[in-house]
Amino acid sequence: MTKALLLRQATASLLAVVVLSACVSKQVGSTAGSPAAGSVAPTLVLEHFLSAANAAASNDAEGIRAMGRLFGTREGPLSNRESQRNVEQRMFVLANLLRHEQYQIQGEQIVPGRMDEAKRFMVELQLRNRTVVVPFTLVLSKGGQWLVEEFDAEKITGR
C-alpha cells in the first residue's frame, strides 16, 4: 500500500470516529448515586421488562431470564439474590399477569421520600379485553442499575 492510500484510510477512520461521537447526544446509562445522569435509562428498563414479560408469557425462557435481571430492589437484581428456580417461577407468574397487546408510558412521577433513588411510571396496558393504567416503580440499585421494583398488580387483577 502506498503512503497516500494509508493516509486516506486513516483520515476516513478518524472522520468516522468524530462523526459517530458527535451523534451521541445523551448518555443512557446511569451512574451510582446519580439518578439524574441517565434519566432515559429507567424508561428503557421498563420497556425492556414489558417486552420480556410478553416473551416469557409465550414460553420464551430468555424472556424469563431477562425479567429476573430487570426486576429487583436497591440491593440488586432478583437473579443475583435468589435461586434460579425461584426467579423463574416468580417471573413466569408476573409474565402471565403482565401479558399485554400494547402499552404506553403515560408519565413519570416522583416517589416522595425516595426522590434520589426511585421513579414511578404510569403505564397504560391494553390487555385482551380491557385497558388499565398500572403504576410501576423503578429503583436505582446500589450497583447503579435501574430495576423494576414493583407494580400494582391489583390494577390488573381487579382485586
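Which condition does GLN109 not pass, out of (1) in a strand (DSSP E or B); (2) touching a Gly at 6+ places or on another chain (Cβ under 9 Å), if it passes all the others?
Status for GLN109: all satisfied but (2).
Residues that are touching a Leu at 6+ places or on another chain (Cβ under 9 Å), more than 28 Å from ARG159 (Cα to Cα) and crowded, with 21+ Cβ neighbours inside 10 Å: does segment 129-147 have at least one?
yes
Suppose we filter segment 98-128 for residues that are of a type in the set (S, T, N, Q) and either surrounded by 14 or more Cβ atoms within 10 Å (Cβ to Cβ) or over 30 Å from LYS142 (Cβ atoms) (or both); how many remain?
If we filter segment 98-128 for residues that are of a type in the set (S, T, N, Q), which is where we start, we get 102, 104, 106, 109, 126.
Narrowing further to those that are either surrounded by 14 or more Cβ atoms within 10 Å (Cβ to Cβ) or over 30 Å from LYS142 (Cβ atoms) (or both): 102, 104, 126.
The qualifying residues number 3.
In segment 129-159, how many residues are outside any strand (DSSP E or B) and either among the small types (Gly, Ala, Ser) or touching a Lys or Arg at 6+ places or on another chain (Cβ under 8 Å) (or both)?
Adding up the residues that qualify gives 6.
Any read-out appearing in this document is the output of simple, stated calculations on the displayed coordinates, not a laboratory observation. None of these values were measured; they are calculated from a predicted model. No Cβ is skipped: glycine too gets one built from the backbone with ideal geometry, and neighbour counts run over all protein chains shown.
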